[in-house]
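In what follows, a structure is listed as structure tokens, so that the remarks can point back to it.
The values are calculated or read from the model by the stated rules, or taken from the named source; none is laboratory data. Computed from a predicted model, the values in this text were never measured in an experiment. Positions of Cβ are backbone-derived with ideal geometry, glycine not excepted, and every protein chain shown enters the neighbour counts.
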Amino acid sequence: MLLVVDNGSVYTSSLLECMQSLGVDFEHHVFSDVPQVDLDNYSSIILSGRRKNDAQMNATNSKLVLHSLDKGKPLLGICYGAEILALTLGGTIKKMPSQRHGLHQVQVMENNPLCNGKINAFESHSYMVSTLGSFFIQIASSDDCKFEIFRYDNKNIFGTQFHPEMSADGKLLLKQFSNIK
């Protein structure tokens, strides 16, 4: 079963609807409830985006990143989820000159189990991953974001700077992720 962590993104309801439409066996919990959840019940994790910064949210999501790495569980960080993934494992983020919103083309450069070629991705963020730790692999980029999709080493731990739940290509990416064991 997959765990979807709700970090308060305005797009979380779309993410949940997408997972339901894909027929994925999942549960979702608000980040503040995650410390009471038995993580052994879940085979993979998705970290949603967020609306505002919160120290407890950051700590909880960082622990989930480390749990996934330690237990070999697939993890997908979406927007903020990708940023906290990068920060937890040695990367940095920075504020963008202007907010990025709407559909943008992303070029996939590295072979991976999620997607390939050019994809249309829905962006809604004012921060972006600016550097990755040494074990990360850049998978895709766009004109304004160097790290649109990245992966931790050869593990099934991924970050997307965009919101895959908001575009047709992104929904295919979510389907591919949900099939990773």
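Name every residue in the range 35-44 that is surrounded by fewer than 19 Cβ atoms within 10 Å (Cβ to Cβ) and touching a residue at least 12 places away in the same chain (Cβ under 8 Å), in order of residue number.
Pro35, Val37, Leu39, Asn41, Ser43, listed by residue number.
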Response to the item:
Within the range 79-114, residues within 22 Å of Met57 (Cα to Cα) and touching a helix residue (DSSP H, G or I) at 6+ places or on another chain (Cβ under 9 Å) come out as Tyr80, Gly81, Ile84, Leu85, Leu87, Thr88, Leu89, Gly91, Thr92, Ile93
Item to complete: Working only within the range 1-28, note down all residues that are loosely packed, with under 15 Cβ neighbours inside 10 Å and part of a strand (DSSP E or B).
Response: Glu27
Response to the item:
The lone condition Glu165 fails out of (1) part of a loop (DSSP other than H, G, I, E, B); (2) modelled with pLDDT of 95 or more; (3) touching a strand residue (DSSP E or B) at 6+ places or on another chain (Cβ under 8 Å) is (1)
Practice prompt. Quickly run through the range 45-62 and pick out the residues that are loosely packed, with under 15 Cβ neighbours inside 10 Å, part of a helix (DSSP H, G or I) and either free of Cβ contacts under 8 Å to residues at least 12 places away in the same chain or in contact with a Leu (Cβ under 8 Å, 6 or more places away or on another chain) (or both).
Written response: Ala55, Ala59
Worksheet item: Got a sec? Which of Phe122, Phe147, Phe158 is modelled with pLDDT of 95 or more and within 21 Å of Lys175 (Cβ to Cβ)?
Response: Phe158
Discussion item. Filter the range 126-162 down to the residues that are in a strand (DSSP E or B), of a type in the set (A, V, I, L, M) and farther than 12 Å from Val106 by Cβ and list them by number.
Written reply: Met128, Val129, Ile137, Ile157
Worksheet item: Applying the selection to the range 63-77, what residues are surrounded by fewer than 23 Cβ atoms within 10 Å (Cβ to Cβ) and within 18 Å of Cys18 (Cβ to Cβ)?
Response: Pro74
Practice prompt. Determine whether Ser32 is under 20 Å from Lys73 (Cα atoms), surrounded by 14 or more Cβ atoms within 10 Å (Cβ to Cβ), at pLDDT 95 or above and small (Gly, Ala, Ser).
Written response: no
Fill in: Matching option when the condition is in contact with a Gly (Cβ under 6 Å, 6 or more places away or on another chain) and touching a residue at least 40 places away in the same chain (Cβ under 8 Å), among Leu173, Leu89
Leu89
Worksheet item: Out of the range 128-175, which residues are polar (S, T, N, Q) and over 13 Å from the mean Cα position of the chain (by Cα)?
Response: Ser130, Thr131, Ser134, Gln138, Ser141, Ser142, Asn154, Ser167
Worksheet entry | Single residue of the range 112-156 satisfying the filter (free of Cβ contacts under 8 Å to residues at least 24 places away in the same chain and more than 21 Å from Asp70 (Cα to Cα)) that is surrounded by the most Cβ atoms within 10 Å (Cβ to Cβ) | Lys146
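Hey, among Asn112, Asn116, which residue is modelled with pLDDT of 95 or more, touching a strand residue (DSSP E or B) at 6+ places or on another chain (Cβ under 6 Å) and part of a loop (DSSP other than H, G, I, E, B)?
Asn112
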